[in-house]
1. Looking at region 127-145, can you tell me whether even one residue there is buried (at least 18 other Cβ atoms within 10 Å of the Cβ), out of contact with any helix residue (DSSP H, G or I) (no Cβ under 8 Å at 6 or more places or on another chain), hydrophobic (A, V, I, L, M, F, W, C) and within 30 Å of SER83 (Cα to Cα)?
2. Check LEU175, LEU212 and return the single one that is surrounded by 12 or more Cβ atoms within 10 Å (Cβ to Cβ), in contact with a strand residue (DSSP E or B) (Cβ under 9 Å, 6 or more places away or on another chain) and more than 24 Å from ILE33 (Cα to Cα).
3. In the list LYS82, LYS49, which residue meets the criterion of being at negative phi, of a type in the set (D, E, K, R) and at pLDDT below 95?
4. Pick out, from region 199-265, the strands (runs of 3 or more DSSP E) lying fully within it that include 1 or more residues that are touching a residue at least 12 places away in the same chain (Cβ under 8 Å) and aliphatic (A, V, I, L, M).
5. Residues that are touching a Leu at 6+ places or on another chain (Cβ under 6 Å) and closer than 24 Å to ALA188 by Cβ: does region 67-85 have at least one?
6. Among ALA134, ALA167, which is the only one that is farther than 18 Å from PHE246 by Cα and assigned to a loop (DSSP other than H, G, I, E, B)?
7. Taking region 239-267, which residues are out of contact with any helix residue (DSSP H, G or I) (no Cβ under 7 Å at 6 or more places or on another chain) and either surrounded by fewer than 18 Cβ atoms within 10 Å (Cβ to Cβ) or at pLDDT below 95 (or both)?
Amino acid sequence: MRTILLKSALLLLMPLIFAFGYSQVLRVASYNIRFDNPGDSLDLWQNRKPYVAGIIGLYNIDIFGIQEGLNHQLEDLRKDLKSFEYIGVGRDDGDQKGEYAAIFYDTAVFTLLESGTFWLSQVTGRPNKGWDAALPRICTWGRFRIISSGREFCFFNTHFDHMGEKARNESAKLLVGMIKKIAAPNPAILSGDLNFDEKHPNFGILNNSGILKDAYEPAEFRYAPGGTFTAFDISARPEGRIDHIFITDHFRVNKYAILTNTYNGRYPSDHFAVFSELQIKE
């Protein structure tokens with residue numbers, strides 16, 4: 001009887017034991033939403049946009065980085081996600097022209113303290129293409145305070161070039177240095193479409209940097225059946241995660257998932273969203 005009572009008491013205390021030393025749960029995501037391409041036929045943005053927003057609501061995501069979004073797409077999402085705001089600029093002119101690497105955050109959960117954007121280039125402070133990149137590429141960042149706890153953290157979001165191998169390699173190195181410079185000593189999260197998977201040597205620049213690690217490996221619970229890029233092909237079985245969430249060592253990773261949701265037999269984007277549930281170590 002005494003053994004039974006002790007086991008029962010332990011079960012009751014487990015949630016407290018598990019939670020001790022960690023802050024509230026943060027639900028984060030990276031999502032390449034596909035730019036509004038008029039040639040996308042049945043996959044036009046007008047058809048997809050309520051389902052992109054729906055995924056954010058379904059998984060109770062608090063903060064997420066998007067890639068490829070144009071200004072009007074961001075405004076569409078802001079209208080659908082009532083308590084969210086976003087930070088970021090268009091990569092072509094540093095204002096509203098071109099694709100954004102925007103960060104959306106729930107204003108009921110976070111206070112924005114400061115933000116910025118830098119170009120993935122030898123010249124980080126203005127619109128330009130770096131190395132052998134085909135297009136200008138950027139990283140947007142923000143420093144946030146969690147309203148309920150007062151804890152601060154930084155969130156970075158980026159989209160590496162799809163053509164330039166040197167550009168991807170140098171962008172990874174640049175990003176490690178910039179995250180260390182901007183975020184330290186605060187916890188940091190990086191989301192992004194990096195256009196390389198977990199087997200590529202460039203992945204190691206980030207994952208073995210001593211600053212960042214892939215949220216996939218330390219996750220207590222994982223649902224990641226394959227890769228993240230589908231090209232809207234519902235029959236595809238993609239391999240290789242080119243969309244990522246990286247974290248500093250300040251976080252515990254409760255969950256990691258690749259969100260393979262569909263609507264009417266179609267995908268909301270040509271990439272799957274990547275989701276992670278995190279807690280900051282106290």
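The values are calculated or read from the model by the stated rules, or taken from the named source; none is laboratory data. Just so you know, these numbers come straight off a predicted model, no measurement behind them. Cβ coordinates were reconstructed from backbone atoms using ideal geometry, including for glycine residues, and neighbour counts include every protein chain displayed.
1. Within region 127-145, one or more residues are buried (at least 18 other Cβ atoms within 10 Å of the Cβ), out of contact with any helix residue (DSSP H, G or I) (no Cβ under 8 Å at 6 or more places or on another chain), hydrophobic (A, V, I, L, M, F, W, C) and within 30 Å of SER83 (Cα to Cα).
2. LEU212
3. On inspection, the qualifying residue turns out to be LYS82.
4. Answer list for region 199-265: 243-247, 251-259.
5. no
6. On the way: ALA167 fails: assigned to a loop (DSSP other than H, G, I, E, B).
Exactly one of ALA134, ALA167 is farther than 18 Å from PHE246 by Cα and assigned to a loop (DSSP other than H, G, I, E, B), namely ALA134.
7. Listed by number, the residues that qualify are GLU239, GLY240, ASP249, LYS255, THR260, THR262, ASN264, GLY265.
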